[in-house]
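What follows is a short report on a single structure.
No lab work stands behind these numbers, since they all come straight from the coordinates. Every value quoted in this text rests on a predicted model; they were computed, and no experiment measured them. Neighbour counts are summed over all protein chains in view; Cβ atoms, including those assigned to glycine, are modelled from backbone coordinates with ideal geometry.
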Amino acid sequence: MLIDCDGCAVRDLACGDCVVTVLLGGPPGALEVDEGERQALDVLADSGLVPRLQLVPLGLPGQEGHRHSAAS
């Protein structure tokens with residue numbers, strides 16, 4: 001999964017409540033997270049230790065800029 005903070009529709013609205021900001025201190029341009037890391041982040045979020053990923057990609061599925069939906 002590629003988390004592209006530059007292409008996030010809620011970057012300025014939800015950064016403070018996103019796991020990327022909590023773990024890295026600020027949004028990077030792009031961050032690659034493999035399936036094992038994603039599962040670990042889900043476990044931490046389910047336990048209330050970190051917030052969930054708040055990424056809302058700009059564009060529609062299949063278009064440039066669409067990387068990952070936080071709901072998927």
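So the values come out like this:
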item	result
L31 long-range amide H proximity, modeled H, under 5 Å	I3, D4, C5
Net lengthening on full extension, A9/V22 (0.36 nm per residue, minus Cα-Cα)	2.8 nm
Label-point separation in nm, D46 to D34, each point 7 Å along Cα→Cβ	2.1
